[in-house]
1. Test residue 124 against the stated conditions and say whether it is touching a residue at least 12 places away in the same chain (Cβ under 8 Å), touching a strand residue (DSSP E or B) at 6+ places or on another chain (Cβ under 6 Å) and buried (at least 19 other Cβ atoms within 10 Å of the Cβ).
2. Applying the selection to region 118-130, what residues are near the ligand (Cβ under 10 Å from one of its atoms), under 11 Å from residue 8 (Cα atoms), of a type outside the set (Gly, Ala, Ser) and in a loop (DSSP other than H, G, I, E, B)?
3. Condition first: near the ligand (Cβ under 8 Å from one of its atoms), surrounded by 19 or more Cβ atoms within 10 Å (Cβ to Cβ) and not hydrophobic (A, V, I, L, M, F, W, C). Now tell me which residues in region 13-26 satisfy that.
4. Identify all residues within region 27-83 that are without any contact (Cβ under 8 Å) to a residue 12 or more places away in the chain, more than 10 Å from the ligand (Cβ to nearest atom), under 26 Å from residue 151 (Cβ atoms) and assigned to a loop (DSSP other than H, G, I, E, B); write none if there are none.
5. State yes or no: is residue 115 buried (at least 19 other Cβ atoms within 10 Å of the Cβ), modelled with pLDDT of 95 or more, near the ligand (Cβ under 8 Å from one of its atoms) and part of a strand (DSSP E or B)?
6. Taking the residues in region 95-111 that are farther than 12 Å from residue 1 by Cβ and surrounded by fewer than 17 Cβ atoms within 10 Å (Cβ to Cβ) as candidates, determine which candidate is nearest to the ligand (Cβ to nearest atom).
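The values are calculated or read from the model by the stated rules, or taken from the named source; none is laboratory data. Just so it is clear, the model here is predicted, and its values are computed rather than measured. Here Cβ is always computed from backbone atoms with ideal geometry, including for glycine, and neighbour counts include all displayed protein chains.
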Amino acid sequence: MKAIAAVDKSWGIGRGGGLLFHIPADMRFFRETTKGAAVIMGRKTLESFPGGKPLPGRLNIVLTRDPNCAPEGVTVVHGPAEAEKAALDSGRPVFVIGGGEVYALMLDRCAECLITKVDANAGADAFFPDLDKAPGWYLAEEGDELEDNGYSFRFTTYRRK
Ligand SMILES: NC(=O)c1ccc[n+]([C@@H]2O[C@H](COP(=O)([O-])OP(=O)(O)OC[C@H]3O[C@@H](n4cnc5c(N)ncnc54)[C@H](OP(=O)(O)O)[C@@H]3O)[C@@H](O)[C@H]2O)c1
């Protein structure tokens, strides 16, 4: 499975329960990459979506410790192994889509991370694990610098050593 995230210069991913940036080109990349896939997320990330609704056209797998949490249109799971099994059993490509707790929880099970690096310091309160400092990971691909909505960013891929 792969993780997909957009991070600032400090590997920040969110603040106050929402995203740090609005970058339409990155949203498009996310939509196209995860189309038809199984996506694994934390309960807080699900709640951050418009109306708390799952992403259309994908199998939405949501991690929670709450046995009574049963949002409509999602597969609820209660631990990382259960999340991985539900995703792999679907036969679809699998992406871990956040947030901070769930990236940290599922990273060991990922082979690749698709990281959009945004050239900004956004003052985040949720983070992706710093893969430049994480043993076992290396920066395998780095795209050209792009611009959208006033942000400079690039698409990168980290892989396991
Ligand atoms: N930049 C990006 O690419 C990106 C992507 C996604 C999200 N985000 C941002 O990330 C932030 C949310 O991240 P977050 O870390 O606060 O929350 P999160 O990872 O989305 O969800 C955390 C929740 O997941 C559940 N959970 C965590 N570990 C679990 C385990 N071992 N077993 C079962 N359930 C478990 C718990 O739900 P319960 O409390 O229900 O038990 C926990 O409260 C938001 O600001 C969002 O906008 C950014």
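1. The answer is yes for residue 124.
2. Passing the criteria: only 128.
3. Across region 13-26, the qualifying residue is only 14.
4. 56
5. no
6. 101
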